[in-house]
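Comments concern the structure below.
The values are calculated or read from the model by the stated rules, or taken from the named source; none is laboratory data. Only a predicted model underlies this, so the values are computations on that prediction, with no experimental measurement involved. We place every Cβ from the backbone using ideal geometry, glycine too, and count neighbours over all the protein chains shown.
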Amino acid sequence: MRENWRIKVSAIAGASALAFSALTATPALAEEPAGGLQEVEMPAGVMIVEGLAPDPGADLPSLEPEAETADAPSATQAAAKASPTNTCLGATAAYGAKGCFQHNGDIVWAGDTKKDGMSAAVGVYTDYGRAAEVCINKLGVNTWATCDKDYRESGNVRLRVLRYDGDTGKFYQPESWSGWVPVDGKF
């Protein structure tokens, strides 16, 4: 009887610790970043690409914050099932910036969500050794910019969303990373 009680208390304590670590390890988006912006070092040789305004009439991703529940499929999975042609996958957001990848055309989207004098930046990393690149949105707050790329269809990309100060050429966190997104859009 006493053994069962110890096992139950141990299991509850472990589950509580796991739940607490999940809550404290996942940063929340806020009006102001906690502790201010922190400078980020980018890998040597990262190419910075200035994004262009999307074509008129283009179907734009939302700049609104997305609510996600534990039981619902991830935004990436839901988007992949919703529209196989112009889906924006790997949707990722951090303070003042959103980013995603459109597999049809290999387009990187960078959205600026804060009026703070900085630009949204979306770094793109591959799993096959291609040099990292960063798509910068200098079009202003509440806009999207696109960078049209050509990635290996059998590869995967990972997005890193953060802020960029064009006056100093420096990048700042808070930042957020997507999971690996298949270039061909097939999960």
| Which residues, counting only those in the range 173-187, are part of a loop (DSSP other than H, G, I, E, B) and touching a Pro at 6+ places or on another chain (Cβ under 8 Å)? | Gly185
| task | Consider Ser178 carefully, then state whether it is farther than 25 Å from Glu39 by Cα and either modelled with pLDDT of 95 or more or of a type outside the set (Ser, Thr, Tyr) (or both). | result | no
| remark: Taking the range 53-91 and the residues there that are touching a strand residue (DSSP E or B) at 6+ places or on another chain (Cβ under 6 Å) and more than 20 Å from Asn156 (Cα to Cα), the one that is modelled with the highest pLDDT would be Pro54
| task | Identify, by number, the condition in (1) surrounded by fewer than 19 Cβ atoms within 10 Å (Cβ to Cβ); (2) touching a residue at least 24 places away in the same chain (Cβ under 8 Å); (3) of a type outside the set (Val, Ile, Thr) that Leu89 doesn't meet. | result | (1)
| Within the range 103-141, how many residues turn out to be in contact (Cβ under 8 Å) with a residue 12 or more places away in the chain and under 15 Å from Met47 (Cβ atoms)? | 15
| query | So how many residues does the range 162-181 have that are more than 12 Å from Ser119 (Cβ to Cβ), of a type in the set (A, V, I, L, M, F, W, C) and crowded, with 18+ Cβ neighbours inside 10 Å? | reply | 1
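Residue by residue, here is whether (1) without any contact (Cβ under 8 Å) to a residue 12 or more places away in the chain; (2) among the aliphatic types (A, V, I, L, M); (3) touching a Leu at 6+ places or on another chain (Cβ under 6 Å) holds:
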{"residue": "Thr143", "(1), (2), (3)": "no, no, no"}
{"residue": "Lys149", "(1), (2), (3)": "no, no, no"}
{"residue": "Val157", "(1), (2), (3)": "no, yes, no"}
{"residue": "Arg163", "(1), (2), (3)": "no, no, no"}
{"residue": "Thr168", "(1), (2), (3)": "yes, no, no"}
{"residue": "Tyr172", "(1), (2), (3)": "no, no, yes"}
{"residue": "Glu175", "(1), (2), (3)": "no, no, yes"}
{"residue": "Trp180", "(1), (2), (3)": "no, no, no"}
| What single numbered condition from (1) touching a strand residue (DSSP E or B) at 6+ places or on another chain (Cβ under 8 Å); (2) at pLDDT below 95; (3) of a type outside the set (Val, Ile, Thr) fails to hold for Trp109? | (2)
| message | Let me spell it out: the conditions are (1) surrounded by 16 or more Cβ atoms within 10 Å (Cβ to Cβ); (2) without any contact (Cβ under 8 Å) to a residue 40 or more places away in the chain; (3) of a type in the set (Gly, Ala, Ser), and Gly185 meets all of them except one. Which number is the exception? | response | (2)
| field | Residue list for the range 102-141, filter: among the β-branched types (Val, Ile, Thr), crowded, with 18+ Cβ neighbours inside 10 Å and not in a strand (DSSP E or B) | value | Thr113
| task | Could you tell me which residue of the range 147-172 is nearest to Ala53 (Cα to Cα), considering only residues that are of a type in the set (Asp, Glu) and in a loop (DSSP other than H, G, I, E, B)? | result | Asp150
